1. Under a Cβ-only charge scheme (Lys and Arg +1, Asp and Glu -1), can you give me the dipole magnitude of region 192-330 about the Cα centre, in debye to the nearest 20?
2. Whole-Hz ³J(HN,Hα) for each residue in region 386-397, computed from phi via Karplus 6.51 cos²θ - 1.76 cosθ + 1.60 with θ = phi - 60°, x for glycine and proline: what do you get?
3. For region 192-330, state what percent of all Cα-Cα pairs lands in each successive 10 Å bin, counting from 0 Å until the bin that includes the largest distance.
4. What spacing in nm lies between the two simple spin-label points modelled at residue 236 and residue 110, each 7 Å away from Cα in the Cβ direction?
5. Cα extents of region 426-474 along the three principal axes, largest first, in whole Å?
6. Would you please give the residues with an amide H less than 5 Å from that of residue 413, counting only those at least 5 places away or on a separate chain, with H modeled from the backbone geometry?
7. Quick check on packing: order 397-403, 70-76 by the mean number of other C-beta atoms within 10 Å, highest mean leading.
8. Can you give me the distance in nm between label points at residue 467 and residue 449, each placed 7 Å from the Cα along the Cα-to-Cβ direction?
Amino acid sequence: MTPTSNSPLAGTVFAETLRGVRCIRLSVLTDETTSPERQREAGDIASAAHNISFGEGDQLREAVDLDVSASKVGPFDRPQLGAWLAKPDEFDALVWWRFDRAIRSMSDMHDLAKWARTHRKVLVFAEGLGGGPMVLDFRNPMDPMSELMMLMLAFAAQVEAQSISARVSGAQAALRAMPLRWAGGGAPPYGYMPVPMPEEHGGIGWTLVPDPDAVKVIERIIRECLDGTSLNQIAVALNAEGVPSPRDHWSIKKGRVKDGKVLDSRGRPRERSKWTGANIGKLLRNPVLIGWKMHRGKPVRTKSGEPVMITTAPILTREEFDRIGKVLDDRHHKVVFTARVDSRALLLGVIHCDGCGGRMYLRDSERVQARQAPFYICSPQSRGEVCPQPTNVRASWVDDYVTAEFLRRVGSVQTTTVVEIPGYDPEPELKATLAEFEEHQEQKGRQKSKHAARAWQERADALDARIAELEEREKVEPQRVVTHTGRTFADEWAGATTEERRAMLVEAGVRLDVRKGRAGGWRKLDTRRVDFTMSGELDPAAESVAVAAGDDEAVKRNEAPPAPGSSARLIETCQERVTVAA
């Protein structure tokens, strides 16, 4: 395999056929000027001119790395090229279209040249200096010409890469400041998709509009969150139904799926990501939902301090966004009860042990096998606690008692639907902008150049102007419209499921405290060992019903016996919801 010329430049032709690997790299999948087809064609021409073969069919030797930046990913770390470099005995030469398809840094050049010299390889570039082919033959360790040429080319490539990076960063900074303009370069924020800029807004570039598929998921998440469902439970349900996570959504929408697996930006299959409560919380708190442009977690602002918009059709209004944020904030200060959907217990979250105040749980599996009735028991050990007077009670007794007592109090009360008209409170944005201003102030005086100091001052002035504007805005209180359905709780009780009954008891603030039983109390429930209370929004209505029936003292004493044979079901009351723009 001796070349007919010692020159590392054009004109080298090998006397024997070399086993070559055709190398293709692309930084951006949509770049047509450096498409894989063009690189493949140039490699074929160079290989034919220099007596190099890439093989055919299953024996084809080719390394295709798409959407891989040479400035960020070295040759040995690229998926396919790195795999070939790890088995040097299977080929003699590497063929690229141009030098920048191989490397763009001095350090990568040093590593690749050292590898080629160690393994006696030939590096071929279809278009080298002056546009002609170039061959760097490292098989002769005594010839330094190839390494010298590679050193000079690597220096030029690194300078060009840095220049390109500076131009791209400058262009992206300019695009960020443009209202409605989306810079692209990756997946859009979850909930949106890119479309050509409408003519009425200039018709140049791209903007974002709501993605109908993602918006449906966001609407569902918001509804369930307002209904009291925890973020973790929402995530479990979404994963069980196979709803694509934000990370996978865009890949699937772009058709990057193979054999049921999602492909990453480089075309490699990866495991699907899962929804988590933490990610849902970040999604609901992201101001991009109200159309704000975000950069590195902070809003992009105009010189007057106003947030720059990324779309003309935000998914949420400011009022809706603030309401969701308040719900999430409140959950940090109190425990939100979420009923288990797999539980058969009517009183889960309702019944408590009077000895320790902890919840009681239905224990039925072992007792059913022993032909005994299910019981609610106090289980302090599961909480790592000790109960001074642990108790248990037959489930059917307390289920019937709570059902009858609850319906006796509110069975004749009409059910209502509640619609809340959001107000506006400038306080959340004011606090966020003030925190951003204070963080910006910590950088005061650290600027070394006049340009940096001017840019710092411009942002400080913009934030200050926005704070002043928010301070002048007035708060608008929300309104609640209550509409009676014409039906009572007792009317609807018969059609409700156990889960629906339990949800309504919890929402009404029903609580049953159970003390230890007395001797002889094994035939029926001793009502002296239970305390029934109700502290939710239905409590005033229940008191009104009791007063109208002349039973207000019984309500206060909480000693009224259950009505014999009472049977009814609860209607699911309408929860306050946020209306999301489709």
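1. Here region 192-330 has a charge dipole of around 760 debye.
2. Karplus values, whole Hz, x for Gly and Pro: 10, 9, x, 9, x, 9, 8, 8, 5, 5, 5, 5.
3. Bin by bin from 0 Å, the calculated values are 10, 34, 36, 17, 2, 0.
4. My value for the distance between the label points is 5.4 nm.
5. 40, 15, 9
6. Here 489, 490 satisfy the definition.
7. 397-403, 70-76
8. So the two model labels end up 2.8 nm from each other.
Here, each number is a calculation from the coordinates, and none is a lab measurement. These numbers come from a predicted model, not from an experiment. Reconstructed Cβ throughout: ideal geometry from the backbone, glycine too, with neighbour counts over all protein chains shown.
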